[in-house]
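Reviewing the structure listed below.
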Amino acid sequence: MSPPRPFIDPTTGELDTAQILSEAVPLAKLIGVFVAGSLLPYAIVFFGSEGSVPGAVLALLGEFILAVGAGVVLMYVIARGIRLAGE
């Protein structure tokens, strides 16, 4: 017999919304951490120093924070998917 599929209720064959939400909330929090971290440099650039050298550096800092966050989120999703497949 094949192992049960993640996010599918084995008794009814329908989506298990409780499991979906329990996986989506920590992922949303992780994404929110990196978005919040990049908001400060972007806000400074938007409201004060657009078109200047410090503004360009801050914009690059915001991009770097988002790029690192995307990598971390991707690694989290892959690791969590492997763990769910093993359960």
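Side notes on the structure shown:
- Normalised size of the chain, defined as Cα radius of gyration per 2.2 N^0.38 Å with N residues, equals 1.60.
- Span from the region 46-79 Cα centroid across to the region 1-39 one, whole angstrom: 26
- Hull-based mean projected area of region 42-87, where the convex hull spans the alpha carbons, in square nanometres: 3.4
- Cut-off under 5 Å, modelled amide H: who pairs with residue 8 long-range: 16
- In degrees, nearest ten, helix 17-47 long axis to first principal axis of the chain (Cα): 0
- Cα long-axis angle, helix 53-86 against the chain (0 to 90 degrees, to the nearest 10): 10
- The peptide list 33-43, 66-76, 11-21, put in order of mean Cβ contacts within 10 Å with the highest first, becomes 33-43, 66-76, 11-21.
Read-outs: derived from the displayed coordinates by stated rules, not from any lab. Since the model is a prediction, treat every value here as computed from it, not as a measurement. Note: ideal-geometry Cβ built from the backbone for every residue, glycine included; neighbour counts use all protein chains shown.
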